[in-house]
Each structure stands twice: as C-alpha cells, then as structure tokens.
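See below for the structure under consideration.
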Amino acid sequence: MPMSRRLSLGRWLDIPVFLDSSWFVILALVAWTLATGYFPLRLPGVGQTTYWGMGVAAAVLLFCCVLLHELGHAVVAKAYGIPVSRVTLFIFGGVAHIAREPRRPWVELVVALAGPLVSIVIAAGCFWAATALPPEIGRIGPIIVRYLAVVNTAIVVFNLLPGFPLDGGRLLRAALWAWSGDLRRATRIAGMLGHGLGVALMGLGLLSLLRGQWINGVWYVLLGMFLRNAARVSVGEAVG
C-alpha cells in the first residue's frame, strides 16, 4: 500500500496506525446509510442535520471499534514476540500487519481470538450502556450506542466464519495445524474455505441485486471479491 495513500494517526499502544484513502469512502457510505435509513426509522421526526450528525458520529465510533479489534490482535502478537509493522483502516475494515506467522498453533489461536474478544467486550458494554444511560440525556445517545452494540456483534459473527484469513479461518488453521503438524496443509484447507466463502458472498450479492436490494447486493459482491482475493494472497504468502 503506497505511503501516499495512507494518513498517519500516530502510534497507538506503540503500534503505528494509518488510514488508507479508501477509508473515507466507506466512512461516507456508512454515515449516509445511517443518516437516511437506520436512524430515521428509530428516531422519527428529527431534522436531517441531527440524522447526519448521528450518522457521522456513529460511523467514526464504528471504526474506532474496528481499530480496537485490530489492536487486540496486534498487542497480543507483540506479546508473543511477533513483530507488527502497523494497523491500517481501509474500505473493508481494518488489518493488523503481522510480520511473520506464529511458530506454534496455540499462539495462532490466541492471536486470532484476541480481536473477537475485544469486539465481544465492546458489544457487551454497549448493550449495557444502551439500557443504563439515564433518560435525561435523551434518545440520541442510547440509539447510537445500541447501533454500536449490534454492529460489534455482527463483526464478531462475521469474523468467526471459518474462512482464512478471517479470524475464524485462523482459528480453524490453528486447529488443523495442531492436529496434523503441517502448517502449509492447514493453511491450504483454511484458504480453500475462505475462497469458497468469498464466492458464496458474491452469489448472495448477485441474488440481492436481482431482488432489487442494491446496497446490500453491491456490498456482498465487493466483500466476497475481497475475501476471495485475500484468501488467495494470504495462502500464497504463507505457503510460498
């Protein structure tokens, strides 16, 4: 990823954090979707300025959650002596750039679990806060917090799907590696599932498009293409 396309956010927990230029596209799309659809349904009768303010705030907070998820992976990897060059936020979320593969299956498992565990904690905290916030602050805060609870739950569910290089695919690879003792074979199997999952998402996207669900359809297709390509590249890097 060329340096000219990245904006530095400094060092978080001694790890460089960057925004890829594509991140601004997804930020705008998420804010628009929330401001024109999600929040008006849950808080009718409020002006467009308020909806857009809620949409931008929720979108920024969402990516703060994604950043914390990736920092979870990065911090645990560093704790086990695995170098982490940076964390980058981009159009499909975020990625922790880990310099090498773990040398033991159980290390792979712990590093892979770290991100989802962070998201689970965030989701649980948001669900609690959405009900615990005092009514005096109004409805806007609880609605945004409830959205963050739901979306962090969705992040956990999606990331735990058993397709490499998703977190679930890495957990599967760790299990296959521990069982077979062969990292390359485990990577190929998990990568095949990641490729298949990407194709399935593309098929779901095309079906959504045929049903007139344009936004969902386009994003399923793009996400499937990304996952399929990521699986191919990750397997190539891992097995040489």
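General remarks:
- For region 135-145, filtering for residues that are buried (at least 17 other Cβ atoms within 10 Å of the Cβ) and either of a type in the set (Ser, Thr, Tyr) or without any contact (Cβ under 8 Å) to a residue 40 or more places away in the chain (or both) leaves 2.
- Selection within region 29-45: residues that are out of contact with any helix residue (DSSP H, G or I) (no Cβ under 7 Å at 6 or more places or on another chain), in a helix (DSSP H, G or I) and free of Cβ contacts under 8 Å to residues at least 12 places away in the same chain. The member of this set that is nearest to VAL75 (Cα to Cα) is LEU29.
- Qualifying residue in region 64-86 (condition: over 30 Å from LEU176 (Cβ atoms), of a type outside the set (S, T, N, Q) and surrounded by 16 or more Cβ atoms within 10 Å (Cβ to Cβ)): no
- Among the residues making up region 104-151, those that are under 20 Å from VAL56 (Cα atoms) and assigned to a loop (DSSP other than H, G, I, E, B) are GLY138, ARG139.
- Residue match in region 71-81 (condition: in a helix (DSSP H, G or I), modelled with pLDDT of 95 or more and in contact with a Phe, Trp or Tyr (Cβ under 8 Å, 6 or more places away or on another chain)): yes
- Pick from region 1-49, criterion within 23 Å of THR88 (Cα to Cα) and among the small types (Gly, Ala, Ser), ranking: modelled with the lowest pLDDT: SER4
- Of all residues in region 1-28, those being part of a helix (DSSP H, G or I) and not polar (S, T, N, Q) number 8.
- Filtering ALA175, ALA123, ALA132, ALA154 for residues that are surrounded by fewer than 18 Cβ atoms within 10 Å (Cβ to Cβ), on the phi < 0 side of the Ramachandran plot, under 18 Å from the mean Cα position of the chain (by Cα) and of a type in the set (A, V, I, L, M, F, W, C) leaves a single hit, ALA154.
- Selection count, region 87-113, where residues are buried (at least 21 other Cβ atoms within 10 Å of the Cβ) and of a type in the set (A, V, I, L, M): 5
- Search result, residues across region 1-28 that are basic (Lys, Arg) and either surrounded by fewer than 15 Cβ atoms within 10 Å (Cβ to Cβ) or touching a helix residue (DSSP H, G or I) at 6+ places or on another chain (Cβ under 7 Å) (or both): ARG5, ARG11
- Pairs meeting the criteria (first residue in region 215-229 and closer than 17 Å to GLY196 by Cβ, second residue of a type outside the set (Ser, Thr, Tyr) and not in a helix (DSSP H, G or I), beta carbons under 7 Å, at least 6 apart or on different chains) are LEU223/PHE92; PHE226/PHE92; LEU227/GLY163.
- Some residue of region 112-129 being aromatic (Phe, Trp, Tyr) and modelled with pLDDT of 95 or more: yes
The values are calculated or read from the model by the stated rules, or taken from the named source; none is laboratory data. The model shown is predicted, which means the values in this text are computed figures rather than measured ones. Here the Cβ is made from the backbone with ideal geometry for all residues, glycine too, and neighbour counts use every protein chain on show.
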